[in-house]
Amino acid sequence: MSTVSRWCLAFLLVALTSGHGMGAAFFDNFDAYADGSEVKGQGGWVTWDGTGPSGVISTAQAASGSQSLLIVGGNDTVAPFYKNVGVWEFKIKAFVPSDHVGSSFVILMAAYPQTAGGSGHTYYWAPQIEIKDAATINEGGASLPLVTDAWTEIKVAIDLVQNKKQITYNGTALGGETTWSGGPVALAVLDLYNDGAASAVYYDDLSLTDVTPADSMAGRRCRAASAAGSTTSTPRCGAPRRPSMGSTTASS
Ligand SMILES: [Ca+2]
């Protein structure tokens, strides 16, 4: 299936099943690329600051189809999202071999330069989900036992209206509902990063879906945020939805 067809199908499926929001903003099952190819330059994927190696398409493991994305030590693979309004559900499946060593990260950035070296944009890390050795998965002081040699799902519920997040690992909450960002309240990019000593991790079936309640812009969630004294600056209550690929202007 062509990349265009894959995107169209993903959008249609989510639109038919979600019943709210705007559907899939990003989806990748890594089955449309050549086995062994680097993912950078394909499907919107890039590398951190445009340098270094990215993950590689692999047939060694797959949650869907026959392929997944293999991340090894030193890989720093980035998918741009650039959302600054709404409520989102981020999901990715991970396969961690039982001999995994080191730290592998699923990172969501609240700010990231749209152009390397560009002015007016800085980096701001939101959740940094760490897959540590073959033992645990950790974020912000919370920890769960790691499941190895099996596909598991990492889900992050992201509320950019109320600046909240909830991470779920394989159906179990990883910590409680906590602040999404201490800086810009936006979702800029996904960063799949293995530190230099970390061994292979496989990822598949990545999706970012708009689950914004239909009435959120009309006021209910906005009123709740205002009543709670939220310092969230975007979106303005009652304001029309912004373009989905708007830029993130970082303030820190
Ligand atoms: Ca796949």
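Overview of values
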{"read-out": "3J(HN,Hα) from dihedral phi, the stretch 179-192, Karplus parametrisation 6.51/-1.76/1.60, rounded to Hz, x for glycine, proline", "value": "4, 5, 9, x, x, x, 8, 7, 10, 8, 8, 9, 10, 9"}
{"read-out": "For VAL161, distant residues with modelled amide H under 5 Å away", "value": "GLY86"}
{"read-out": "Cut-off under 5 Å, modelled amide H: who pairs with PHE26 long-range", "value": "LEU208"}
{"read-out": "Shape call, the stretch 139-205: gyration tensor on alpha carbons, a/c limit 1.5", "value": "prolate"}
{"read-out": "Ranked THR47, THR168, THR59, criterion: other C-beta atoms within 10 Å, fewest first", "value": "THR59, THR168, THR47"}
{"read-out": "Per-residue ³J(HN,Hα) for the stretch 68-84, Karplus 6.51 cos²θ - 1.76 cosθ + 1.60, θ = phi - 60°, Hz, x for Gly and Pro", "value": "9, 9, 9, 10, 10, x, x, 5, 9, 10, 10, 10, x, 10, 6, 10, 10"}
{"read-out": "Candidate lysines - alpha carbon under 24 Å from LYS40, same-chain residues fewer than 8 apart omitted", "value": "LYS83, LYS91, LYS93, LYS155"}
{"read-out": "Residues whose placed amide H lies under 5 Å from that of TYR82, excluding near-sequence neighbours", "value": "ALA188, VAL189"}
{"read-out": "Rounded if a/c under 1.5, otherwise prolate or oblate - the stretch 49-200, Cα gyration tensor axes", "value": "oblate"}
{"read-out": "Two-site FRET efficiency, SER98 against SER37, from Cβ-Cβ distance with R₀ of 41 Å, rounded to 0.05", "value": "0.90"}
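Where a number appears in this text, it was derived from the coordinates with a stated rule and is not lab data. The structure presented is a predicted model; accordingly, all values stated were derived computationally and were not measured. Cβ coordinates were reconstructed from backbone atoms using ideal geometry, including for glycine residues, and neighbour counts include every protein chain displayed.
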